[in-house]
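The values are calculated or read from the model by the stated rules, or taken from the named source; none is laboratory data. Just so it is clear, the structure is predicted and the values come from calculations on it, not from any experiment. Methodologically, a virtual Cβ is constructed for each residue, glycine included, from the backbone with ideal geometry; neighbour enumeration extends over all protein chains shown. For the accessible areas, the whole protein counts, side chains as well, though only heavy atoms, and no ligand, DNA or RNA atoms are used. Shrake-Rupley method; radii C 1.70, N 1.55, O 1.52, S 1.80 Å.
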Amino acid sequence: MKVLGIDPGTAACGWGVVQHERDGRLRALEHGWWRTAASRRPELRLRTIFDGVQELVLRHAPETVALEESFVGADARTALSIGQARGAILVAAASLDVGCAEYAPATVKQAVCGYGRADKAQVQRMVKAILGLEEAPEPSHAADALAVAICHALAPPLLRVISA
């Protein structure tokens, strides 16, 4: 199973592709992030994300695009921006007939770290260990995206159906 994990955001949007091998091992194929300047028009920032998702789906042909659900904090503007990025990601995947699954941040952290309130450094260290990487993924947005992909790849089949 191949999963494209995405940590949505407009200013910084992390992504990572994970392959779940037949022997049960997980392997990172590629990871990175898109960064868009606040000075750019919103529709152009979202187009960068949309185009990036489509390019990754075409290059890697994942079974699923897994996203981290929005965390609604105190800042409504940030929540709206993340929601717009999520929309661009969902439409990009749907336009290529790839299904999406969504996981709450605490679920992702629980799956990767064993603790639903793990901090970013803990997530980076565990992603490095799980995937056998030489270095912790940078930036943290890419590590978070790999964590979402790991969460989906390791989720029991019923949870994958519920999250879709």
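Tell me yes or no: at least one residue of the range 34-41 is modelled with pLDDT of 95 or more, surrounded by 13 or more Cβ atoms within 10 Å (Cβ to Cβ) and in a strand (DSSP E or B).
Scanning the range 34-41 turns up at least one residue that is modelled with pLDDT of 95 or more, surrounded by 13 or more Cβ atoms within 10 Å (Cβ to Cβ) and in a strand (DSSP E or B).
Need pairs with beta-carbon distance below 8 Å; first residue farther than 17 Å from residue 135 by Cβ and within the range 20-35, second among the charged types (D, E, K, R) and open to solvent by 100 Å² or more (accessible area, probe 1.4 Å); sequence gap 6+ or separate chains.
Matching pairs, first to second residue: 21/27.
In the range 81-96, what count of residues is obtained for those that are touching a residue at least 12 places away in the same chain (Cβ under 8 Å), surrounded by fewer than 20 Cβ atoms within 10 Å (Cβ to Cβ) and of a type in the set (A, V, I, L, M)?
3
Condition first: more than 15 Å from the chain's Cα centre (by Cα), in contact (Cβ under 8 Å) with a residue 24 or more places away in the chain and loosely packed, with under 15 Cβ neighbours inside 10 Å. Now tell me which residues in the range 109-143 satisfy that.
Result: 132, single match.
Check whether at least one residue in the range 59-68 is surrounded by 13 or more Cβ atoms within 10 Å (Cβ to Cβ), at pLDDT below 95, within 20 Å of residue 140 (Cα to Cα) and not small (Gly, Ala, Ser), and report yes or no.
Scanning the range 59-68, I find at least one residue that is surrounded by 13 or more Cβ atoms within 10 Å (Cβ to Cβ), at pLDDT below 95, within 20 Å of residue 140 (Cα to Cα) and not small (Gly, Ala, Ser), so the answer is yes.
In this structure, does residue 27 turn out to be over 17 Å from residue 146 (Cα atoms) and either in contact with an Asp or Glu (Cβ under 8 Å, 6 or more places away or on another chain) or exposed (fewer than 14 other Cβ atoms within 10 Å of the Cβ) (or both)?
Spelling it out, it is not the case that residue 27 is over 17 Å from residue 146 (Cα atoms) and either in contact with an Asp or Glu (Cβ under 8 Å, 6 or more places away or on another chain) or exposed (fewer than 14 other Cβ atoms within 10 Å of the Cβ) (or both).
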